[in-house]
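Trainee: My structure is below; once you've seen it, I'll send some questions.
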Amino acid sequence: MNTEVYDLKTQYEEGMEAAKNALCRGELVIFPTETVYGLGADAKNEQAVAKIYAVKGRPSNNPLIAHIWDFQQIEQIADQISPLAMKLMRAFWPGPFTVVLHSKGVLPKSVSGGLNTIAVRMPSDIYAREMLRRSGKIVVAPSANLSGSPSTTTAQQCLDDFQGKVPIILDGGVCSVGLESTVCQITDDIPVILRPGGITAEMIEEQAGIVKISHAVLHGVAPGENAPSPGMMYKHYAPKAKVRIIEGNREAIANVVKSMYDKEDKDGKKPCIFCSAERVVVYKNRRIYSLGATPEDAAKVLFTALREADKQGIDSIYFEGVEHEGIGLAIANRIIRAAGFDVVNADKEVEVEKHIACMHG
Ligand code: TXA
Ligand code: MG
């Protein structure tokens, strides 16, 4: 299959028409959103939906998000929408906010992976909105990455994963948020964050008065435990490198990271440190990927950094722990999965080292 890439800055009309026609024919289209790129298909076309799972290599019990551009479309697919759900949708749409609601059961079963709820999102990206409007379709779309790899935030990354497998990629430039949308279940009185994202827990709490964060967000799902969101069960966003998160006070983190890094470097391995711009100086003369000045910057480049590390054959990534406030919770959620929940507490490590030094002294 030939993959056609349309640069929407210069090929807007051609790209939009090609996407519309492809969606109407039951083909897949990769399109930009403000969060990450999506791998879209006509939600009502069962065969088209099946192509998403096949091309992505996605487990069939991991449900998809339905993308809409107009409020009226929600009535077609969701049921028993509470005033609270309405309030939150009105506050955060269009934007990086996905609501899980009771399903009307009108879409193919494969969309919801057998659940009786449906995830719906109204993206704010102008290209995504125009594609949805023009096609007249509700478009189901997971992130446009091969299952298990980091999500994509540029058209080139989509091409890296799907060249020859998807007919159309709309290139809308770099995604502005860089992490997938907040997934929030609102089927009860209290909204529950199943996946943190650009619409933060603090923002939801301000609107709803209260918000719950699913335990699985930072701790995963134990074997045999029921996952509130099937996506939580999978090791996600995994680069080939071994990822380790180092938490604790700044000084302890630096000591632990340097000693682990230097040991690996001496052994001929290729370690790399992911840290904020202000911390680059702490690790000078080592391989560093600066995640920028703010947590928002870090969110935007995180997946690119993970993909770059793979391209450069990095063996291990040391990631400085981040505050869990605001978008920091979303960063922590992604990186902890990439790390397979391997978190090193630097304060404790330093204690142990002191203890050993005492014993030997
Ligand atoms: O920002 C985004 O949300 C991107 C763009 C393309 O819109 N999409 C995205 O889709 O991240 P995906 O499939 O990679 O992640 C959707 C997540 C999965 O973890 C899935 O398990 C969860 O949403 N999900 C979908 N439907 C659900 C439901 N009915 N109940 C609970 N979780 C659901
Ligand atoms: Mg995904």
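What follows draws every value from the coordinates through simple rules; no lab data is involved. It should be emphasised that the depicted structure is a prediction, and the values quoted were computed from it without experimental measurement. Neighbour counts run over all protein chains shown; Cβ positions are idealised from the backbone, glycine included.
Trainee: Considering segment 324-336 alone, what residues qualify as being buried (at least 19 other Cβ atoms within 10 Å of the Cβ) and in a helix (DSSP H, G or I)?
Mentor: Within segment 324-336, Leu329, Ala330, Ile331, Ala332, Asn333, Arg334, Ile335, Ile336 qualify.
Trainee: I've got another one for you. Yes or no: Pro196 closer than 26 Å to Phe341 by Cβ and either of a type in the set (Phe, Trp, Tyr) or under 20 Å from the mean Cα position of the chain (by Cα) (or both)?
Mentor: Values: closer than 26 Å to Phe341 by Cβ: yes; either of a type in the set (Phe, Trp, Tyr) or under 20 Å from the mean Cα position of the chain (by Cα) (or both): yes.
Here the answer is yes, as Pro196 does meet what is asked.
Trainee: Now for a different question. Looking at segment 92-146 only, could you name the residues that are near ligand 1 (Cβ under 9 Å from one of its atoms) and more than 19 Å from Phe31 (Cα to Cα)?
Mentor: Answer for segment 92-146, where residues must be near ligand 1 (Cβ under 9 Å from one of its atoms) and more than 19 Å from Phe31 (Cα to Cα): Val100, Leu101, Ser103, Ser112, Gly113, Leu115, Asn116, Thr117, Ile118.
Trainee: Return the pairs, sorted by first residue and then second, in which the second residue is assigned to a loop (DSSP other than H, G, I, E, B) and of a type in the set (A, V, I, L, M), the first residue lies in segment 196-208 and is farther than 14 Å from Arg334 by Cβ and without any contact (Cβ under 8 Å) to a residue 60 or more places away in the chain, the beta carbons are less than 7 Å apart, and the residues are 6+ apart or on different chains.
Mentor: Pairs found: Glu205/Val211.
Trainee: Further, regarding this structure: For segment 282-315, give me each residue that is among the hydroxyl-bearing types (Ser, Thr, Tyr) and under 15 Å from the mean Cα position of the chain (by Cα).
Mentor: Step one: of segment 282-315, the residues among the hydroxyl-bearing types (Ser, Thr, Tyr) are 283, 289-290, 294, 304.
Of everything in segment 282-315, just one residue is among the hydroxyl-bearing types (Ser, Thr, Tyr) and under 15 Å from the mean Cα position of the chain (by Cα), namely Thr304.
Trainee: A follow-up question, please. Conditions first: (1) surrounded by fewer than 16 Cβ atoms within 10 Å (Cβ to Cβ); (2) in a helix (DSSP H, G or I). Val256 passes all but one, so which condition is the exception?
Mentor: Status for Val256: all satisfied but (1).
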